[in-house]
Amino acid sequence: MSEVWISFNACDRRRYWWRNVIGTLVLVGVVAAMALTTHEPGTWWWVGGLGAFVVGMFVSTVNLIYGRSLLTERGLEFRTFVSRRAIPWSEVAAIETRQRVSRSGIWSDLRVVRVRGRSLGMPGTVTNRMTDIELDQKQTTIREYWFRAISR
């Protein structure tokens, strides 16, 4: 079996990148406005807290955008902006789709349900489209690799 990468296509990566930039710029504007209008010494911790939140949100979204999964004959390798993780096929109990509802819509992603331990979200599989053919293709590809690996 050859190795296969599961990640966002260029169009989705660009779309999520622009969402991240616009959202971050809005929050930076709010932090700047608070910093310029705050003259009391006791309220600066709000500015610092909101600034830390903006940085955390930006890094989290960059991690989401550039995260990807590598399918090998040994297992799955998750590679994100800040971490790497390998999961052997023998630890995989199921590959399932999870949906979450938020104010910005319904989000779907693929989860690796493990034999022991908590389930893990797969990098490169998040979408907010109701019917995403590409997500279905990713799930089919992952299941094919999994079935081939465990049938040996």
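Nothing in this text is a laboratory measurement; each read-out follows from the coordinates by a stated rule. Keep in mind that what you see is a predicted model, and the values were worked out from it rather than measured. Counting neighbours? That spans all protein chains shown, and the Cβs are built from the backbone with ideal geometry, glycine included.
Summary table below
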read-out: Computed lengthening from Arg116 to Val26, 0.36 nm per intervening residue step minus Cα-Cα distance; value: 28.2 nm
read-out: Built amide H within the under 5 Å cut-off of Ala86, gap 5+; value: Phe78
read-out: Added length on full extension, which subtracts the Cα-Cα distance from 0.36 nm per residue, Gln99 to Thr141; value: 13.2 nm
read-out: For the chain, the longest site-free run once GluC sites (Glu not before Pro) in DSSP loop states with at most 12 other Cβ atoms within 10 Å are removed; value: 74-152
read-out: Loop trypsin sites (Lys or Arg not before Pro), the range 79-124 (other Cβ atoms within 10 Å of the site Cβ: 16 or fewer; DSSP); value: Arg103, Arg116, Arg118
read-out: The chain: angle of helix 44-66 to the longest principal axis, Cα-based, in degrees nearest 10; value: 30 degrees
read-out: Net charge, Val92 excluded, C-beta distance under 12 Å - Lys, Arg +1, Asp, Glu -1; value: +3
read-out: Rg and Dmax of the range 1-78, Cα atoms only, in Å; value: 18.6, 64
read-out: Shape box of the chain [Cα atoms, principal axes, largest first, Å]; value: 68, 30, 26
read-out: Distance-filtered residues of the range 1-36 - backbone nitrogen under 15 Å, label point 7 angstrom along Val55 Cα→Cβ; value: 28, 31-32
read-out: The range 137-152-the range 1-36 distance, computed between alpha-carbon centres (Å); value: 30 Å
read-out: R0 of 35 Å, Cβ-Cβ distance Arg84-Trp46: FRET efficiency to nearest 0.05; value: 0.45
